[in-house]
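For reference, the structure discussed in these notes is given below.
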């Protein structure tokens, strides 16, 4: 069983390595993570360092991407903003993965009334537009980084729950699960040791794609003033602050928009590559 599992993961890695778009997405994400970790060393200026003699100056040798309405370096704020965007994306998806995975595993494994109750709750949440739900939760919790991560994370719980439930339903009737029951294994042990490892492939793919959605939702909420508050740099918040200067200083909107677009594209490329590698039947 272990040898077969290892060979399947090895084959998936080989297929992923042949997908040039997925490799490109991985390289872009690696650079973003590197920039986020070493922002203090890479950034030419502090994210809140102001120079009132350089207000809304276009790209130049001193400020490669120009300055904003307070004379702050746009490049430095984008670099520090990558920390917040990646942090929100990863933590929000972690919340969705653990909460949704637990709900889906319990519903799929036990079935019956428990399954019916949990899935109807998920259906009710799915009936609410995702962005509207995120706005309501953010407004209720208040602005801030932690509340933003919680709000974005809650919106994706049903997606992971339904995916996990479907995977558990396809696995729980297999012979090795019956053998584990016959040996006296507890329900918790069966779910964690025997079922969960066999559900990892679809969850990995969904997590990668959900990070992109989480970053986009976080940018949207910050754009509406419900996310990270100034002076902390966040790409959506930078877009919102640049609205009054669209006609006169378009670069203030272009560069944060490009940062969001490139990050989302990289995550989608990697997610699609993982999907094709882990489930080659879906490749067209």
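Some values worked out for this structure:
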{"item": "Any hit, segment 125-141, residues being surrounded by fewer than 20 Cβ atoms within 10 Å (Cβ to Cβ), touching a strand residue (DSSP E or B) at 6+ places or on another chain (Cβ under 6 Å) and without any contact (Cβ under 8 Å) to a residue 24 or more places away in the chain", "result": "no"}
{"item": "Given (1) touching a strand residue (DSSP E or B) at 6+ places or on another chain (Cβ under 7 Å); (2) closer than 20 Å to residue 227 by Cα; (3) free of Cβ contacts under 8 Å to residues at least 60 places away in the same chain, index of the condition residue 55 fails", "result": "(2)"}
{"item": "Hey, residue 79 surrounded by fewer than 19 Cβ atoms within 10 Å (Cβ to Cβ) and touching a residue at least 24 places away in the same chain (Cβ under 8 Å) or not", "result": "no"}
{"item": "Among (1) in contact with a helix residue (DSSP H, G or I) (Cβ under 6 Å, 6 or more places away or on another chain); (2) part of a helix (DSSP H, G or I); (3) crowded, with 18+ Cβ neighbours inside 10 Å - the single one residue 180 does not satisfy", "result": "(3)"}
{"item": "From the options 29, 65, residue that is in contact (Cβ under 8 Å) with a residue 40 or more places away in the chain, closer than 23 Å to residue 215 by Cα and under 17 Å from the mean Cα position of the chain (by Cα)", "result": "29"}
{"item": "In segment 7-27, residue farthest from residue 74 (Cα to Cα) [restricted to those that are surrounded by 17 or more Cβ atoms within 10 Å (Cβ to Cβ) and modelled with pLDDT of 85 or more]", "result": "22"}
{"item": "Options 195, 215: the member that is closer than 30 Å to residue 65 by Cα and in contact (Cβ under 8 Å) with a residue 40 or more places away in the chain", "result": "215"}
{"item": "Check on residue 89, modelled with pLDDT under 90 and more than 30 Å from residue 260 (Cα to Cα)", "result": "no"}
{"item": "Residue count for segment 231-245, restricted to those that are surrounded by fewer than 21 Cβ atoms within 10 Å (Cβ to Cβ) and touching a helix residue (DSSP H, G or I) at 6+ places or on another chain (Cβ under 7 Å)", "result": "3"}
{"item": "Given (1) within 30 Å of residue 33 (Cβ to Cβ); (2) modelled with pLDDT of 85 or more; (3) surrounded by 15 or more Cβ atoms within 10 Å (Cβ to Cβ), index of the condition residue 118 fails", "result": "(1)"}
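The values are calculated or read from the model by the stated rules, or taken from the named source; none is laboratory data. As the structure is a prediction and not an experimental result, all values here were calculated from the model. Note that we place each Cβ from the backbone using ideal geometry, even for glycine, and neighbour counts take in every protein chain shown.
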